[in-house]
Amino acid sequence: MNRVFKAISDPTRRKILKLLGKRDMTAGEIADQFSISKPSISHHLGVLKQADLVQDDKRGQFIYYSLNSTVFQDLIRWFHDLLEVDKSGEGEDINEGKENINKGDN
């Protein structure tokens, strides 16, 4: 989960995610939307891939990038669980479920 938060902390990566939310794109198409170098875009795509927010798929001679919606669903579920309040109005014990937050960050 830490990788996801690191990935979405950067405004350039958030813009890339927003672009990919509309359609799959090649790195070149993504780079055309920015005034930064292609190697910088490649770095940002690498961070997004490490966080599993983006998937790549080779189609012919091009690599297309797309959103991994499963991770976004997991993130929404995590936020929901974090903010969930039980019927008594008391929140969950802050340490409960700690192992789930750190899952996959080894």
Next on the checklist: Skipping prolines and chain starts, which residues have an amide H placed within reach, meaning under 5 Å, of the one on I63, given they are 5 or more residues away or on another chain?
Outcome noted: A27
Item to check | Selection from G60, L17, F5 lying farthest towards where the dipole of segment 2-68 points positive, charges on Cβ | outcome: F5
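Readers should treat all values here as calculations from the given coordinates under stated rules, not as data from a laboratory. This is a predicted model, so every value here is computed, not measured. Positions of Cβ are generated from backbone atoms using ideal geometry, with glycine treated the same way; all protein chains shown enter the neighbour counts.
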